[in-house]
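Accompanying notes for the structure given below.
Computed from the coordinates by the stated procedures, all read-outs in this text should not be read as laboratory data. For clarity, every value in this text was computed on a predicted model and none was experimentally measured. Cβ placement follows ideal geometry from the backbone for every residue including glycine, while neighbour counts extend to all protein chains displayed.
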Amino acid sequence: QPMHALGLFVAQLNNLENNPETRHLANRIEAAVTALQGLLDALLDVSRLDAGVVTPNLSNIPVNHLLERIEMTFGPDATERELRFRVMRSHLVAYSDPVLLERILINLVANALRYTERGGIVVGCRRRGEQIRIEVWDTGVGIAEQHQEAIFQEFYQVDNPERARHKGLGLGLSIAGRLARLLGGRIEVRSILGKCSVFAV
């Protein structure tokens, strides 16, 4: 509630007639509020997972519906940054928790976008026997082999000693990994430093 109220105050401040300096300050406050809200949401997710109160609600999920939602969420941002964003259509149906599975994909795609400066991202799925493997490919900076397990630890970030906000919080992959385990799966990563990465659940 306090965070919501603070967001409303910032919006009200932006609607007032003010000089460029005040507007600049309001924009910086808004960015800080957004970052703080993201941190609180992520910490609450971690707390709920630690407490064991998150329980999967399994059902049949048309994978294409899930991929379309991912495309609607991230496509405009990719276009704005002049990145290609492609979703491979699928007729497959997964048996999982739709909310938790979407949250995993949101974290994986957000991470791919954050570390991709040129080229693009492809999201699709493959059938593996009785299982479905959903993959997120990117042409980003890549991850050295010695970091590929550690990136799933809380607050672990490669090459972000200054803890710059635009590089995330170091919680997204940790949460995604936990959710995948909760659903009886895992997240796999393959990456070539300086070229590309693929995350799969």
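A protection proxy built from the mean count of other Cβ atoms within 10 Å ranks the segments 130-139, 180-189, 55-64, most packed first, as 130-139, 180-189, 55-64.
If R0 equals 22 Å, the separation of the Cβ atoms of E117 and A144 corresponds to a calculated FRET efficiency of about 0.80. The simple Förster model, with R0 at 25 Å and r as the Cβ-Cβ distance, assigns Q1 and N57 a FRET efficiency of 0.40.
Calculated from the structure, semi-axes √(5λ) of the Cα gyration tensor in Å equals which of [x] 31, 20, 18; [y] 48, 25, 22; [z] 53, 21, 18? Looking at semi-axes √(5λ) of the Cα gyration tensor in Å for this model, the match is [x].
A simple count of charges around E188, restricted to other residues whose Cβ falls under 13 Å of its Cβ and scoring Lys, Arg +1 and Asp, Glu -1, yields +4. Once the Cα atoms of helix 20-51 and of the chain are each reduced to a long axis, what angle between those two axes, in degrees from 0 to 90 to the nearest 10, is obtained? So the helix axis and the longest Cα principal axis differ by about 40 degrees. Compared with the direct C-alpha span, the chain from Y95 to L8 gains 27.4 nm at full extension, assuming 0.36 nm per residue. Coupling constants for segment 124-141 follow from the phi torsions by the Karplus curve (6.51 cos²θ - 1.76 cosθ + 1.60, θ = phi - 60°), and in residue order they are x, 9, 10, 8, 10, x, 8, 10, 10, 10, 9, 10, 10, 9, 9, 10, x, 6 Hz; glycine and proline get x.
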